[in-house]
1. When you scan the range 95-173 for helices (runs of 4 or more DSSP H) that lie fully inside it, which ones turn up with 3 or more residues that are under 30 Å from Thr69 (Cα atoms)?
2. Looking at (1) at pLDDT below 95; (2) part of a helix (DSSP H, G or I), which is the one condition that is false for Asp73?
3. For the range 24-45, what are the residues that are open to solvent by 60 Å² or more (accessible area, probe 1.4 Å) and not basic (Lys, Arg)?
4. If you go through the range 11-23 one residue at a time, do you hit one that is free of Cβ contacts under 8 Å to residues at least 60 places away in the same chain, open to solvent by less than 100 Å² (accessible area, probe 1.4 Å), of a type in the set (Asp, Glu) and not in a helix (DSSP H, G or I)?
5. Check whether at least one residue in the range 72-90 is closer than 30 Å to Ser34 by Cα and open to solvent by less than 40 Å² (accessible area, probe 1.4 Å), and report yes or no.
6. I'm checking my understanding of the structure. Among residues of the range 157-178 that are hydrophobic (A, V, I, L, M, F, W, C) and touching a residue at least 12 places away in the same chain (Cβ under 8 Å), which one is most open to solvent (accessible area, probe 1.4 Å)?
7. Collect the residues in the range 179-199 that are within 21 Å of Val149 (Cβ to Cβ), assigned to a loop (DSSP other than H, G, I, E, B) and either at pLDDT 90 or above or open to solvent by less than 100 Å² (accessible area, probe 1.4 Å) (or both), keeping them in residue-number order.
Amino acid sequence: LVLDEVDELDDPDSLLYSLSRISEIQKKTDKKVSLILITNKKDWESNLDNATRSSLNLTQIDFTNYNKTQIKDILKERAHWGLKDPTIIPEEHLNYIANQTLENNSDLRIGIRALFLLVRKMEDGSHINSKELENLYSIAIRDIYIERVAQLPDHAFLILYAIMKANSENIDNAKDVFETYYAHVCNDLAQKSLGYTRFT
């Protein structure tokens with residue numbers, strides 16, 4: 001079974017544990033399941049419970065980032081699929097989006113979002129100058145970051161909040177960040193906080 005974007009599962013522990021132990025759960029089957037789990041979040045499995053992680057016995061395969069040519073080819077392919085006339089997108093705009101995407105860890109979600117925003121702006125026949133394109137790319141980055149933060153598990157979100165709050169007040173001591181911001185906000189929300197070691 002191939003599960004793409006496995007980090008999006010609502011209850012990964014239950015499903016993945018069951019799949020990894022299918023012959024124990026389904027006594028009448030002698031079938032085994034091989035799982036290929038695809039994600040672009042390197043440490044997604046750290047949120048799985050120990051039993052599931054142990055049962056899966058994962059082997060991680062990392063793929064290198066796309067280069068500029070590959071990014072541009074993917075953007076052209078998307079434009080070809082989505083537009084009646086993909087040639088309406090100027091070559092210099094595609095080059096700009098590909099370059100910026102390369103600089104942003106080759107994160108194609110940002111590049112594809114920027115392409116989408118560009119095409120929507122051009123729908124009414126508008127000519128987009130380099131400054132407007134730069135602004136569209138900034139919006140694409142913001143949109144993707146908002147999606148990432150929205151998908152964080154509760155404690156990761158609270159840790160990020162604590163770090164941002166401490167950073168705005170120029171506090172960089174981990175103990176102070178933990179006590180003053182993280183543990184404090186957990187207490188306010190009646191949320192059990194992580195221990196200091198796990199927090200760091």
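1. The helices (runs of 4 or more DSSP H) meeting that bar are 108-122, 130-150.
2. Tallying (1) at pLDDT below 95; (2) part of a helix (DSSP H, G or I), Asp73 fails exactly one: (1).
3. Glu24, Ile25, Gln26, Asp30, Ser34, Ile36, Ile38, Asn40, Asp43 - these are the residues of the range 24-45 that are open to solvent by 60 Å² or more (accessible area, probe 1.4 Å) and not basic (Lys, Arg).
4. Yes, that holds for at least one residue.
5. Yes: one or more hits.
6. Per the criteria, the residue is Ile163.
7. Once the filter is applied, which keeps residues that are within 21 Å of Val149 (Cβ to Cβ), assigned to a loop (DSSP other than H, G, I, E, B) and either at pLDDT 90 or above or open to solvent by less than 100 Å² (accessible area, probe 1.4 Å) (or both), the range 179-199 yields Gln191, Ser193, Leu194.
The values are calculated or read from the model by the stated rules, or taken from the named source; none is laboratory data. The model shown is predicted, which means the values in this text are computed figures rather than measured ones. Cβ sites come from the backbone with ideal geometry, for glycine too, and all protein chains shown count toward neighbours. Note: accessible area is taken over every heavy atom of the protein model, side chains too, but ligands, DNA and RNA are not part of it. Shrake-Rupley method; radii C 1.70, N 1.55, O 1.52, S 1.80 Å.
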